[in-house]
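Undergrad: Below is a structure I'd like to ask you about.
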Amino acid sequence: MKKQEIIENIKVRSGKDMLDFNDRSERRVYITIKKEILPKIARYLFNDVRARFSIASGVDTRKAIEILYHFSVDEIGLIVSLRVILDKSNLEVDSLTSIMKCAEWIEREIHELLGVNFKGHPNPKHLLLKDDWPEGNYPLRRDR
Amino acid sequence: MAERKIIPIGPYHPLQEEPEFFRLHVDGETVADIDIEIGYNLRLIEKISESKSYDQVTFLIERICGICSTSHPFAYTNAIDDLLKVTVPERALYIRSIIGELERIHSHLLWLGLAGHFLGYNTVWMWAWRYREPVLDIFEKISGNRNHYAMFKPGGVRRDMHEEDFPWIKKTLKALIPKLDMFKGAVMDDPVIRARTEGIGVLTKQDVHDYAAVGPTARASGVAIDVRKDDPCGAYDKVEWKLITQEGGDVFAKAVVRILEMYESVNIILQCLDKMPKGPIDLNIKDMPVGEGIGRYEAPRGEVFHYIMSDGGNSPARHKVRAPSFMNIASNKKAVIGHTISDATIILAAVDPCYCCTERMAVVDYKSGKKLMDGQDLIRLSQEKTAKMLK
Amino acid sequence: MTREDKMSLKLKALTKSIWVYHLCVGGSCNNCDIEILDLLTPRYDVERFGIMLVGSIKHADAILVTGSLSLKAVDRVKRIYEQASKPCVVIAIGACACGQGIFAKGPVTPNPVDSLLPINIYIPGCPPKPEAMIMGIVKLIKKLTGKKC
């Protein structure tokens, strides 16, 4: 699939729920979407485009918590990064595990390092930190 | 070629209440389920990275994994190049690729040795690791250290290579080819190795997609993905080389992919040594603007992914690191279920996980949860199966 | 004979053929572990010196420790050391085991392994070359047998 085609299809499916679009370079695109349509766009990229889910990265930008979902379209070397911005008062987003099994581990990691709740995750226990790590202590947060 | 002597290796622990890395639930002789627990080697490098300068980060992330030590700096410097939208000097691109490919050779030989050990072929282990030594000697000649070469730097490479070393490097690599032929013959022509690895631990193309597997684990199932071809960096688009895939998806296919990739690596290095232009090796980057960058590299195990967010300061504001084993190890959930426990070790090792982690295995009864055996027992079972086949 | 004399006699007896147990305490890149295994391979072949790697802590004369001690590993390390039959020398290999190296005072590696185990000899390096490890073990043997290092 061509890059333009993929971007057009995402724009059509997002409609007014696409908040920002950054065509940074030939092989890097960053698209900010509302968290409500995340499963829809992830489903499009994973099932229709057959993109590979590279990883997700969460960051505490002090104003909010951003999660970037990086999808790699290997045939053209393109990475489409879907950005979801979560308000610190409501750190919840739908889990993508029902769409792609490969999201299970990284959602557990973001949960324990940043405190984001992934609704519907089948196994939300600790991935990396030891089990008796203090509750509420999220190592990658910056609010202290 | 098999030895009777079994050399136990690794950190074993005979106690019951251990957080094992791999916990196999067995129903009789068959694996019914697997629990995977990681985090044993957690150092929160992503957090430490935020307190180091961009230059210091290369030294830090080299030490994420000892075996693919250079892949992380390679991906990280690619992320910096992506953020800054620059290309480092051409000589630096060639040097980067040479170091990357040398690492691939030594890593695949290391894996070959461990796989040989798990199957009971300790001679394969000794010989594979013996022929790793000349590769480590080349590293020592170029960088001063056998491992953790500290060659990468944002903006280029830290050290130059010297043309007077090239003839010796070429000679050492060419002397490796007959040894690779020997390993290829040993693996592909040995009926017992084929019986132990063919049809075992199969991942289909759909499995590879579902678990987002990368590297030889994916290429062994016919999925032709390789960061060096898809998202070229270094000098990979300046030299001729083949992408190696197999169709079987089993442990045998994974072994064949790794062996054939070593030939391609030698090929790439020899071309790079010939084509390397003279010139600067460093862009001398002074400032990092606000922005974000993604860099990746094809480590011996698969795609290494680095994401950098910069706020204009001296240290990364966020540095996300994703090693290939993070995706590949999860695929064991599919690969090992339904197989016997004597095959479990080689299946788990086939994705080439971090060595220390593979050692920490346990087998529990599916119904009662009682612990039946540990990693040492599993390895011994695997070696015994081969010994029986050889009779 | 005092208890100390008896202890040092036992230690001296160990130095004929040392059986070593490899213990990785987590929080490391495993490079030192690979280099330790390298000692068994044909180029270095430490088995000709009588140095053998054993699979059970109960058979060990010496423990080779690597890693910067991650929190997840602390309980296990304590239990394993308690199971070792004393006297047992502890050899810290690599920058991580010597003082945590680049992971010093990290978020999940707050203390180095010598805050937990008594170390008899430190072999620094990242990773130390196999030659350096052999030299370290030889120095330890000389010290234990009272010879000049």
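Undergrad: Under 6 Å between Cβ atoms, which residue pairs at least 6 apart in sequence (or on different chains) link something in segment A:73-94 that is more than 9 Å from chain B (Cβ to nearest Cβ) with a partner that is buried (at least 21 other Cβ atoms within 10 Å of the Cβ) and among the hydroxyl-bearing types (Ser, Thr, Tyr)?
TA: These pairs meet every condition: A:82/A:69.
Undergrad: Give the residues of segment C:51-70 that are surrounded by fewer than 19 Cβ atoms within 10 Å (Cβ to Cβ) and either more than 8 Å from chain B (Cβ to nearest Cβ) or acidic (Asp, Glu) (or both), sorted by residue number.
TA: Listed by number, the residues that qualify are C:52, C:58, C:59.
Undergrad: Conditions first: (1) assigned to a loop (DSSP other than H, G, I, E, B); (2) buried (at least 21 other Cβ atoms within 10 Å of the Cβ). Residue A:121 passes all but one, so which condition is the exception?
TA: So the condition that residue A:121 fails would be (2).
Undergrad: Okay, next question. With respect to residue B:135, determine if the residue is closer than 30 Å to residue B:88 by Cβ, touching a His at 6+ places or on another chain (Cβ under 8 Å), away from chain A (no Cβ under 14 Å) and not small (Gly, Ala, Ser).
TA: When the stated conditions are applied, residue B:135 passes them.
Undergrad: Here's another thing I want to ask about it. Taking residue B:312, is it crowded, with 23+ Cβ neighbours inside 10 Å and on the phi > 0 side of the Ramachandran plot?
TA: When the stated conditions are applied, residue B:312 does not pass them.
Undergrad: Restricting to helices (runs of 4 or more DSSP H) lying wholly in segment B:196-283: which have 3 or more residues that are in contact (Cβ under 8 Å) with a residue 60 or more places away in the chain and surrounded by 21 or more Cβ atoms within 10 Å (Cβ to Cβ)?
TA: Working: elements: B:205-210, B:216-219, B:227-230, B:251-275.
Hits in segment B:196-283: B:216-219, B:251-275.
Undergrad: Residue by residue through segment A:33-56, note down the ones that are in a helix (DSSP H, G or I) and under 13 Å from the mean Cα position of the chain (by Cα). Step through it out loud before you land on a result.
TA: Residues of segment A:33-56 that are in a helix (DSSP H, G or I), as a first pass: A:35-48.
A:35, A:36, A:37, A:38, A:39, A:40, A:41, A:42, A:43, A:45, A:46 - these are the residues of segment A:33-56 that are in a helix (DSSP H, G or I) and under 13 Å from the mean Cα position of the chain (by Cα).
Undergrad: Cβ-Cβ below 6 Å, separation at least six or inter-chain, first residue in segment B:141-152 and outside any loop (DSSP other than H, G, I, E, B), second surrounded by fewer than 20 Cβ atoms within 10 Å (Cβ to Cβ): which pairs?
TA: These pairs meet every condition: B:141/B:165.
Undergrad: Here is a follow-up. List every residue pair whose Cβ atoms sit under 9 Å apart, with the two residues 6 or more apart in sequence or on different chains, where the first one lies in segment C:23-48 and is at the interface with chain B (Cβ under 7 Å from one of its Cβ atoms) and the second, anywhere, is polar (S, T, N, Q) and not in a loop (DSSP other than H, G, I, E, B).
TA: C:23/C:66; C:24/C:66; C:28/C:66; C:30/C:66; C:31/C:66; C:33/C:66
Undergrad: Hey, among the residues in segment B:84-101 that are of a type outside the set (A, V, I, L, M, F, W, C) and out of contact with any helix residue (DSSP H, G or I) (no Cβ under 8 Å at 6 or more places or on another chain), which one's surrounded by the most Cβ atoms within 10 Å (Cβ to Cβ)?
TA: The selected residue is B:91.
Undergrad: Still on this structure, please answer the following. Does segment A:1-21 hold any residues that are more than 16 Å from the chain's Cα centre (by Cα) and not in a loop (DSSP other than H, G, I, E, B), and which are they? Please lay out each step first, then the result.
TA: Of the residues in segment A:1-21, the ones more than 16 Å from the chain's Cα centre (by Cα) are A:1-9, A:11-13, A:15-16.
Answer for segment A:1-21, where residues must be more than 16 Å from the chain's Cα centre (by Cα) and not in a loop (DSSP other than H, G, I, E, B): A:3, A:4, A:5, A:6, A:7, A:8, A:9, A:11, A:12, A:13, A:15, A:16.
Undergrad: To continue, here is another question. Out of B:219, B:196, I need the residue that is modelled with pLDDT of 95 or more and either within 13 Å of another protein chain (Cβ to nearest Cβ) or over 27 Å from residue A:3 (Cβ atoms) (or both). Which one?
TA: Result: B:219 is the single residue among B:219, B:196 that is modelled with pLDDT of 95 or more and either within 13 Å of another protein chain (Cβ to nearest Cβ) or over 27 Å from residue A:3 (Cβ atoms) (or both).
Undergrad: Of B:263, B:236, which residue is within 30 Å of residue B:182 (Cα to Cα), of a type in the set (Ser, Thr, Tyr) and within 14 Å of another protein chain (Cβ to nearest Cβ)? Please lay out each step first, then the result.
TA: Details: B:263 fails: within 14 Å of another protein chain (Cβ to nearest Cβ).
It is B:236.
Undergrad: If you don't mind, there's one more thing I want to ask. For the structure I just gave you, tell me whether residue C:82 is modelled with pLDDT under 85, farther than 26 Å from residue B:65 by Cα and not hydrophobic (A, V, I, L, M, F, W, C).
TA: no
Undergrad: Taking into account only those residues within segment B:47-79 that are charged (D, E, K, R) and out of contact with any helix residue (DSSP H, G or I) (no Cβ under 8 Å at 6 or more places or on another chain), which is farthest from the other protein chains (Cβ to nearest Cβ)? Before you say what the answer is, go through the steps one by one.
TA: As a first pass, look at segment B:47-79 and keep what is charged (D, E, K, R): B:47, B:50, B:52, B:55, B:62-63.
Imposing the further condition that a residue be out of contact with any helix residue (DSSP H, G or I) (no Cβ under 8 Å at 6 or more places or on another chain) reduces the set to B:47, B:50, B:55.
Numbers: B:47: 5, B:50: 9, B:55: 13 Å.
Looking at residues that are charged (D, E, K, R) and out of contact with any helix residue (DSSP H, G or I) (no Cβ under 8 Å at 6 or more places or on another chain), I get B:55.
Undergrad: So, one more: Quick one: which residue in C:92, C:97, C:104 is farther than 29 Å from residue B:112 by Cβ and at pLDDT 90 or above?
TA: C:92
Undergrad: Same structure, new question: Just name the residue that is farthest from residue B:69 (Cα to Cα) out of those in segment B:263-308 that are at pLDDT 95 or above and of a type in the set (S, T, N, Q).
TA: Filtering first and then ranking leaves B:271.
Undergrad: Continuing with the same structure: Given the criteria out of contact with any Gly (no Cβ under 8 Å at 6 or more places or on another chain), among the polar types (S, T, N, Q) and either more than 20 Å from residue B:283 (Cα to Cα) or assigned by TED's automatic domain parsing to the domain that holds residue B:229 (or both), does residue B:97 qualify?
TA: no
Undergrad: Being among the aromatic types (Phe, Trp, Tyr) and modelled with pLDDT of 50 or more is the filter; apply it to segment B:1-57 and report the residue that is farthest from residue B:379 (Cα to Cα).
TA: B:54
Undergrad: Find all pairs meeting these conditions: Cβ atoms under 6 angstrom apart; at least six residues apart or on different chains; first residue within segment A:14-43 and of a type in the set (Gly, Ala, Ser); second residue surrounded by 15 or more Cβ atoms within 10 Å (Cβ to Cβ) and outside any helix (DSSP H, G or I).
TA: Short answer, once both residue conditions are applied: A:14/A:33; A:42/A:96; A:42/A:99.
The values are calculated or read from the model by the stated rules, or taken from the named source; none is laboratory data. Since we're looking at a predicted model, the values are computed, not measured. No Cβ is skipped: glycine too gets one built from the backbone with ideal geometry, and neighbour counts run over all protein chains shown.
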